[in-house]
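Step one of this worksheet: look at the structure below.
No lab work stands behind these numbers, since they all come straight from the coordinates. For clarity, every value in this text was computed on a predicted model and none was experimentally measured. Glycine gets a Cβ as well: all are built from the backbone with ideal geometry, and neighbour counts include every protein chain shown.
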Amino acid sequence: MNFLVGAFKPPCNISITFADGRTRKQASVKKENGQTAMVPLFQSQENIVGEVCIEPVLGKKVEHNGVKIELLGQIELYFDRGNFYDFTSLVRELDVPGEIYERKTYPFEFSTVEMPYESYNGVNIRLRYILKVTISRNFVSNIVEYQDFWVRNYTPLPPINNSIKMEVGIEDCLHIEFEYSKSKYHLKDVIIGKIYFLLVRIKIKNMELEIRRRESTGSGSNTYVETETLAKYELMDGAPVRGESIPVRLFLSPYDLTPTYRNINNKFSVKYYLNLVLVDEEDRRYFKQQEITMYRLPETL
Amino acid sequence: MLLDNAEDEEKWLAEGIAGLQQNAFYMHRALDSNNLRDALKYSAQMLSELRTSRLSPHKYYELYMRSFDELRKLEMFFKEETSRGSCSVIDLYELVQHAGNILPRLYLLCTVGSVYIKSKEAPAKDVLKDLVEMCRGIQNPVRGLFLRSYLSQVSRDKLPDIGSEYEGDANTVNDAVEFVLQNFTEMNKLWVRMQHQGPVREKEKREKERNELRDLVGKNLHVLSQIEGVDLDMYKETVLPRVLEQVVNCKDELAQYYLMDCIIQVFPDEYHLQTLETLLAACPQLQPTVDIKTVLSQLMERLSNYAVSSSEVLPEFLQVEAFAKLSNAIGKVIEAQVDMPIVGAISLYVSLLTFTLRVHSDRLDYVDQVLGACVRKLSGKAKLEDSKATKQIVALLSAPLEKYNDIVTALKLSNYPRVMDHLDNGTNKVMAVVIIQSIMKNTTCISTADKVEALFELIKGLIKDMDGTPADELDEEDFKEEQNSVARLIHMLFNEDPEEMMKIICTVRRHILQGGPTRLPFTVPPLIFSALKLVRRLQGQDGDVAGEEVPVTPKKIFQLLNQTIEALSSVPSPELALRLYLQCAEAANDCDLEPVAYEFFTQAFILYEEEIADSKAQVTAIHLIIGTLQRMNIFGVENRDTLTHKATGYSAKLLKKPDQCRAVYACSHLFWVDDQDGIKDGERVLLCLKRALRIANAAQQMASVTRGTGGPITLFVEILNKYLYFFEKGNPQITGSVIQGLIELITTEMQSDNATPDPSVDAFFASTLRYIQFQKQKGGTMGEKYEPIKV
């Protein structure tokens, strides 16, 4: 077995390291197999600097037609798995065709890389950034090594952040007015608000606030919409009477949220909604959904 | 069905406890290993057991208490955790809010909140405010009440009260009060709302359950009362108005009653006194069905206790015009609660009266006002049928009596009799008896005619027939009892001044004469004797008042008496009238009023002739007449002759011979008064005695004719004794030989064949003879006198 593995083993080890790999922040990312992994974290306009180290397996030489490193931003739709759409592609040639006999390192640098989109692992879609090192060879397949990295982009505080305030109801049955202090929330934000009962003629059992994520992918007839409920947060227990106002305070930090993504490269959108659900004693559900905008605030020390 | 429910409930409770214990176990493990995340997780799961809707409050409480104990441990853990610095309390405060279910979340939040306040990392007021606000999320009444009660419990020692370590800077006692008030308000709302939840048929059960929960709500008021910083001003400006606002607005009978009671019980009396107006203003605004009388009674009782506790507080009562306010409030309450049964209104007045008597015992006008208000309430209504209301009125009327121990005071109350008018006749009488008993017990002397007038107005139920009382309903014994008490009462009416006394007598007379035939025999005699007492007094003072214009003379009194007794004779109660005439005659005799005395005798004789028909009564009457006449010493010869003649005449006309005999020999005394200047007509004495003997003989013969046996020899013996009496007194007509003859006659009679042996007569005779023997042996003048008599 070992022998066999050895036979197909690439003749060299390629490692990609970032210059500031030790100090750079890392993001914990959930991989497809459910495990979490730590990957280096970048943001747009950053210099991505590092080195590629190629180390031939002992006693072997690597003959090649050139070594290059690419920085790729890819979108992968799961219904079209394996087919990546590159929205960003930068290349650096590292070596001219030749042979490598011993361990060799190539520094590389992509300066102020435009990475407009954030990395994202969704239900039907994935957006990722990778560094891809290719050792081109003539007759045998190229030797390729990937290094994932994660991109998060930060948005400053939105200048306008109106509250969400609305009166809804079913005639002669239930009238409520709800208010959320903001319409735009950063990921560690707290939703503060209140629900005011103007008219209650039904026997309400409880009320909860849901955070829902709507991921829509594709376009036209190929649009896939996936809605997930990320949080169910009970706001009220029991039946209120007219005039009651119920406070809302929902901390967003425990939930795995991303910023709102709108029409990313015409491929997908991820939107967030607050869904206020009232359940009556017969388990009928009355709800009102409101979109909220999520954004990522620069992390301060 | 019901049993099933109970069984099910037991089962559910057991399940709840089991779930709770299991999670508590895991929680303990997490606590032991300092695992915050697990501790939060399991504590939240543990608290989830409290989300149940299936338990009655009673059972839920059990579950709650267990959770409470567990939460104490958790709180300790939080405290350690934050002091160790492994997690800041602020983070912890956020962390517990991540729990998805609201009820566990809020229990945890309160628990951490308690630690948060203790840490002083944030102002206590902010944390408290946040907690009380967040708790709004629980709208289920039972769960909400328990949660808020938990909040109240954990925050109790952390209020920014004056002197508390949490006070200062931005934290003032105002915040503490605000917090408690808000929690109270919310709890009360939940509590009130409870009644509307669930099916209508279980309403009664729900009300019972609600009642079980009331102390959770009331506890807040208790907390408020214990806040040091709640001084009178704050109580007046903030606490009371806010609490009352809630009480009034909740429009719930149960809550209003309980909370009003609570307010009265938990806050100091002094505060009540100073805020009386506010407190009372709330009363008429309560639901019409609220048992406000009990509430107000409690208040008044407390206030009066307070007033009594120290004399220093009394001026405060005056200053705040407590009485006027209370009285006013009661009026309004009665007005507002249209459906309040009359008994309720009256018991309110009773309470007010009790209060007045205890606090303002010197203010009779207040007492009268209360009674007046009661009269107004009762006016326009028929007599009370309701026995409870009647009882209350009796209480109302008895209160002043007990307090003052003096009917005289009560008599000044113009409304007193008007209240009594509203009683039914029976109770009215009972009340009258109570009044009389009060007088007797305290031996109160009623000393003016006005008061007497008022008093008789009060007890008129006893004095005369009331309208519409069926006579046959009266119990003979009760009636006698009542009338006897009236009779006793008459003796309590007394004044030193004859003139006033005369007025009293006139007043009494006027009243009792309305009494009708059944009452007069009871009431007239005491009046007569009372009047006679006055006569005797006048007689005693005779010398002093001589020459002056005397408004009251015995003569006038006698005139009055004459008329009074006449009323009695027409009742008819002739025997009694006769006795009274004789009494009067005797008194007149003592006053040297011959014509008056003569008049009385005349009346007596007329009565005897015309009204006294029964032979036995006649016997008694004639003996009375004889007895009285014997003692009269003012009559001139002519008058006396006329009267004695009459008396002897009547004596001889009695129906039975023995009676005749006895009356006649008694008459003999009329002619022999053993006084210095008494009449001594020996001849007529002998005449009487001889006549008596003749009658005795006749009786003897009649007896032997009719029955063949001898008559009563006893008559002879009796006559013999009379002989001996006059013999000793020195009547010259009675000689030893006459006596000797009589003795022999008796001896013969006794030995005759047809004599019926009678041991008592034998003994009587024997002892008479022995007496003679004894006198003889004694010697001296008397011995010599007896000497000739041979036995």
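Counting only the Cα atoms, chain B fills a convex hull of 296 Å³ per residue. Every Cα-Cα pair of the stretch B:658-739 was included, and the share exceeding 22 Å stands at 27 percent. Residues whose amide H lies under 5 Å from that of A:ASN13, counting only those 5 or more places away or on a different chain, are A:GLU55, A:VAL57; hydrogens are built 1.01 Å from N in the peptide plane.
Once you wrap a convex hull around the alpha carbon atoms of the stretch B:481-530, what is its projected area averaged over all directions, in nm²?
Numbers: hull surface 12.4 nm².
Mean shadow area of the hull around the Cα atoms is 3.1 nm².
Going by neighbour counts of Cβ atoms within 10 Å, the residues B:LEU655, B:LEU527 line up, fewest first, as B:LEU655, B:LEU527. Largest first, the three principal axis extents of the alpha carbons in the stretch B:123-176 are 36, 16, 13 Å in whole numbers. For the stretch B:235-382, dividing the convex hull volume of the Cα atoms by the residue count gives 92 Å³ per residue.
How large is the Rg to Rh ratio of the stretch B:549-686 when both quantities use alpha carbon positions and Rh follows Kirkwood? Could the numbers behind the result be given before it?
Details: Rg = 15.1 Å, Rh = 15.3 Å.
Checking Rg against Rh, the ratio lands at 0.99.
Relative to the current alpha-carbon distance between A:ASP172 and A:PHE84, full extension at 0.36 nm per residue lengthens the span by 26.3 nm.
Give me Rg over Rh for the stretch B:295-443, both radii from the alpha carbons and Rh done the Kirkwood way, two decimal places. Spell out each step's value before the answer.
Values: Rg = 15.1 Å, Rh = 15.6 Å.
Result for the stretch B:295-443 is an Rg/Rh of 0.96.
Angle check, please: helix B:141-155 long axis (alpha carbons) against the longest principal axis of chain B (alpha carbons), in degrees 0 to 90, nearest 10. Rounded to the nearest ten degrees, it is 80. If you look at the Cα atoms of the stretch B:605-686, you get an Rg and a Dmax of 12.5, 38 Å.
Annotation: amide H-H contacts under 5 Å for B:HIS422 (H modelled 1.01 Å from N, sequence separation of 5 or more, or interchain): none.
What is the dipole size for the stretch B:291-437, taken about its Cα centre, with +1 at each Lys and Arg Cβ and -1 at each Asp and Glu Cβ, in debye to the nearest 20?
Details: 16 positive and 16 negative charges, 56 e Å.
With only Lys, Arg, Asp and Glu charged at Cβ, the dipole is about 260 debye.
Extending 7 Å from the Cα toward the beta-carbon at both B:ASP91 and B:LYS251 defines two label points whose distance is 5.1 nm.
In terms of other Cβ atoms within 10 Å, B:MET65, B:MET431 run from fewest to most in the order B:MET65, B:MET431. Kirkwood-type hydrodynamic radius, the stretch A:50-208: 20.9 Å, calculated from all non-identical alpha-carbon pairs. Here the Kirkwood formula puts the hydrodynamic radius of the protein assembly as shown at 41.6 Å, using every distinct Cα pair.
Normalized C-alpha radius of gyration of the stretch B:196-302, against 2.2 N^0.38 Å? Numbers along the way, then the final one.
Working: Rg = 14.5 Å, N = 107, 2.2 N^0.38 = 13.0 Å.
The stretch B:196-302 yields a ratio of 1.11.
Only Cα sites of the stretch B:363-465 enter the Debye sum here, all with the same form factor; the resulting log10 I(q)/I(0) across q = 0.14, 0.18, 0.21 1/Å is -0.48, -0.82, -1.13, listed in q order. Each principal axis of the Cα cloud of the stretch A:222-301 was evaluated for its coordinate range; sorted largest first, these ranges are 48, 43, 20 Å.
Output the relative contact order of the stretch A:169-301, whole-number percent, from Cα pairs under 8 angstrom with separation of 6+ residues.
Details: 305 pairs, mean separation 40.1, N = 133.
About 30 percent, as a whole number.
Please state, rounded to one decimal and in Å, the Kirkwood hydrodynamic radius that the stretch B:327-377 gives when every pair of distinct Cα atoms enters the mean of 1/r. Intermediate values should be presented prior to the final figure.
Numbers: mean 1/r = 0.0909 Å⁻¹.
Its Kirkwood hydrodynamic radius stands at 11.0 Å.
When restricted to Cα atoms, the stretch B:38-96 yields an Rg and a Dmax of 13.7, 42 Å, respectively. Computed from backbone phi with θ = phi - 60° and the Karplus coefficients 6.51, -1.76 and 1.60, the 3J(HN,Hα) list for the stretch B:294-299 is 5, 4, 5, 4, 4, 4 Hz; x is used for glycine and proline.
Among the lysines, select those whose C-alpha is under 16 Å from the C-alpha of B:LYS59, and discard any that sit fewer than 8 residues away in the same chain. List returned: B:LYS11, B:LYS205, B:LYS208. A simple rule links phi to the HN-Hα coupling: the Karplus curve 6.51 cos²θ - 1.76 cosθ + 1.60 with θ = phi - 60°, which for the stretch A:187-198 gives 5, 9, 6, 10, 8, 10, x, 8, 10, 10, 9, 8 Hz, with x for Gly and Pro. Here the protein assembly as shown is treated with +1 on each Lys and Arg Cβ and -1 on each Asp and Glu Cβ, and its dipole about the Cα centre works out to around 2240 debye. Each residue of the stretch B:735-743 was assigned a 3J(HN,Hα) from its phi angle through the Karplus curve 6.51 cos²θ - 1.76 cosθ + 1.60 (θ = phi - 60°); the sequence is 10, x, 5, 4, 5, 3, x, 5, 4 Hz, with glycine and proline shown as x. The amide H of A:TYR224, built 1.01 Å from its N in the peptide plane, has A:THR217, A:GLY218 as neighbours under 5 Å, considering only residues 5 or more places off or on other chains. Ordered by the count of other Cβ atoms within 10 Å of each Cβ, fewest first, B:TRP672, B:TRP191 give B:TRP672, B:TRP191. Of the three principal axes defined by the Cα atoms of the stretch A:1-126, the extents in descending order read 44, 39, 28 Å. Per the Debye calculation on chain A with a single equal scatterer at every Cα and no solvent contribution, log₁₀ I(q)/I(0) for q = 0.06, 0.07, 0.14 Å⁻¹ amounts to -0.31, -0.41, -1.08. Taken over the stretch B:10-111, the alpha-carbon convex hull comes to 79 cubic angstrom per residue.
Scaled to the compact-protein estimate 2.2 N^0.38 Å, what is the alpha-carbon radius of gyration of the stretch B:141-249, rounded to two decimal places? My calculation over the Cα atoms of the stretch B:141-249 gives 1.18.
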